[in-house]
Amino acid sequence: MTSTILITGSSSGIGRATARHFHRQGWNVIATMRRPENETELTALDNVLVTRLDVQDPSSITAAVEAGLERFGRIDVLLNNAGYGAYGLLEATPTDKIRRQFDVNVLGLLETTKAVLPHLRANGGGTVVNISSIGGKVTFPLGTLYHGTKFAVEGLSEALHYELAAIGVKVKIVEPGFVNTDFGGRSFDFTNDETLTEYQKLVGAFFAAQGQMSTGGDEPEVVAETVYQAVTDGTDRLRYTSGPYAAGLLAARAASDDATFIGGITQQFGL
Ligand SMILES: NC(=O)c1ccc[n+]([C@@H]2O[C@H](COP(=O)([O-])OP(=O)(O)OC[C@H]3O[C@@H](n4cnc5c(N)ncnc54)[C@H](OP(=O)(O)O)[C@@H]3O)[C@@H](O)[C@H]2O)c1
């Protein structure tokens, strides 16, 4: 029987590339997004259902799972990919922005997983893949909120993997490095307040470092291949670093104590 994957945040970047990749591999794909009415490419593919899912809207999550089951009869894999980056000064960030970052990147992932679990339990198995980041293992300045969400994704995924083993469901964490997507544009929500002069040297250093790092990222297809490997390798491996930059950085983190690694980041940002 053909396997089926449900993907959140399929409108662009990693979600879209993964939808295309699984489709090419002969899977059924439930490509969910907030605004399916804007989609033209995925809707034209056989065995791809494009349907609405906003991870902040629980009724849209239920409706998307139901629509997927109606179309394909089963769901084998959930890819929790939807997410964005709220960066900047904590002191200047309104509470609703703080809540929204955790709502989308953490609570939305949990709600979507909860909605799919009864079905995976009834099937006696399946896989939940959560897109984390190198930012779930290391931190950069002015990433308090984003790193908070991705460290949460790492911890909740690891804890959940024990629980879901009871129902034959595997949990996989995929950790991309820098990927050429809309993450640094549309999905980058930066908050500053220039009247908070004490922080402005740091804000300047952040944008200088970001400019340097924004070149030479991986293509989203690299992450799509990592997700495919995580789903199909037949192992119980929990974490998959995606791309050489992420592998190098996380190896350096694992080999260093806090003071050494964090000292290196501080130096890199010229602080
Ligand atoms: N790019 C990187 O360097 C990088 C590195 C590590 C991890 N990641 C992670 O990879 C994931 C995908 O990001 P990307 O790089 O592919 O960026 P992207 O191209 O900007 O894609 C982000 C996706 O998330 C969706 N999204 C945002 N809020 C949503 C919500 N409330 N409900 C449903 N979908 C929502 C966006 O949908 P709309 O089109 O409706 O906005 C979009 O489809 C994120 O979890 C991100 O943290 C990215």
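Considering all alpha-carbon pairs of region 133-237, what whole percent are spaced by more than 17 angstrom? It would help to have the intermediate numbers written out before the result.
Working: 3526 of 5460 pairs.
Every Cα pair in region 133-237 considered, those over 17 Å come to 65 percent.
Give the longest segment of the chain that steers clear of trypsin sites (Lys or Arg not before Pro) in DSSP loops with at most 12 neighbouring Cβ atoms within 10 Å, not counting the sites themselves. Let's see the in-between values first.
Values: sites that count: 186, 237.
By the stated rule (loop sites, at most 12 other Cβ atoms within 10 Å), 1-185.
Could you please rank 187, 10, placing first whichever residue has the fewest other Cβ atoms within 10 Å of its Cβ?
Details: 187 17, 10 30.
Ascending number of Cβ neighbours within 10 Å: 187, 10.
Mean Kyte-Doolittle hydropathy of -1.0 or higher plus an axial Cα length of 30 Å or more: which whole DSSP H helices in the chain meet both? It would help to have the intermediate numbers written out before the result.
Numbers: long enough: 144-165 (32 Å, 0.05).
Membrane-span-like by this rule: 144-165.
Could you give the radius of gyration (one decimal) and Dmax (whole number) of the Cα atoms in the chain, in Å?
Cα only, the chain: 18.7, 61 Å (Rg, Dmax).
Dividing the alpha-carbon radius of gyration of region 38-139 by 2.2 N^0.38 Å (N being the number of residues), what value is obtained? Please report the intermediate quantities before stating the final value.
Values: Rg = 15.9 Å, N = 102, 2.2 N^0.38 = 12.8 Å.
Region 38-139 yields a ratio of 1.25.
What FRET efficiency would be calculated for the residue pair residue 165, residue 98, taking the C-beta separation as r and a Förster radius of 41 Å, to the nearest 0.05? Kindly include the intermediate steps, with their values, before the conclusion.
Working: r = 33 Å, r/R0 = 0.81.
With R0 = 41 Å, the Cβ-Cβ based efficiency is 0.80.
Percent of alpha carbon pairs in region 82-188 separated by more than 23 Å?
Details: 1778 of 5671 pairs.
More than 23 Å apart: 31 percent of the Cα pairs in region 82-188.
Would you compute, from DSSP H runs of 4+ residues alone, the mean residue ellipticity of the chain at 222 nm, taking -39500 (n - 2.57) per run and dividing by the full residue count, rounded to the nearest 500? Intermediate values should be presented prior to the final figure.
On the way: 9 runs with 123 residues, N = 271.
Using -39500 (n - 2.57) per qualifying helix, the result is -14500 deg cm²/dmol.
Lysine pairs in the chain 8 or more apart or on different chains: how many have alpha carbons under 25 angstrom apart?
13
Determine the relative contact order of region 4-268: mean sequence separation of Cα pairs under 8 Å and six or more apart, normalised by residue count, in whole percent. Can you show the working numbers first?
On the way: 453 pairs, mean separation 53.0, N = 265.
Dividing the mean separation by the residue count of region 4-268 yields 20 percent.
Exposed loop GluC sites (Glu not before Pro) only (DSSP loop, at most 15 other Cβ atoms within 10 Å): please give the longest stretch of the chain free of them, not including the sites.
42-193
Below 8 Å between Cα atoms, with a sequence gap of 6+, how large is the relative contact order for region 1-65 in percent? Working shown, then result.
Values: 104 pairs, mean separation 18.4, N = 65.
In percent, rounded to a whole number, it is 28.
Ranked by Cβ crowding within 10 angstrom, fewest neighbours first, how are 256, 157, 11, 59 ordered? Numbers along the way, then the final one.
On the way: 256 14, 157 24, 11 21, 59 8.
So the residues, fewest neighbours to most, are 59, 256, 11, 157.
Any idea how far apart residue 59 and residue 252 come out in nm if each label point goes 7 Å out from Cα toward Cβ?
Between residue 59 and residue 252, the simple spin-label model gives 4.9 nm.
In vacuo Debye scattering of region 111-162, one point per C-alpha: log10 I(q)/I(0) at q = 0.17, 0.24 Å⁻¹?
Summing over Cα pairs of region 111-162 leads to -0.60, -0.90.
For region 125-271, what does the relative contact order come out to in percent, with C-alpha contacts under 8 Å and a separation of six or more? Walk me through the numbers before you get to the answer.
Working: 163 pairs, mean separation 44.8, N = 147.
Across region 125-271, relative contact order equals 31 percent.
Cut-off is 10 Å between beta-carbons; in what order do 235, 32 appear when sorted fewest neighbours first? Provide the component values of the computation, followed by the final result.
On the way: 235 10, 32 32.
Lowest to highest Cβ neighbour count: 235, 32.
Please compute the modelled spin-label separation between residue 121 and residue 186, points set 7 Å along Cα→Cβ, answer in nm with one decimal.
The two pseudo-label positions are separated by 3.6 nm.
Readers should treat all values here as calculations from the given coordinates under stated rules, not as data from a laboratory. Keep in mind that this is a model prediction, so the values were computed, not measured. With ideal geometry, Cβ positions are generated from the backbone for all residues, glycine too; neighbour counts draw on all protein chains shown.
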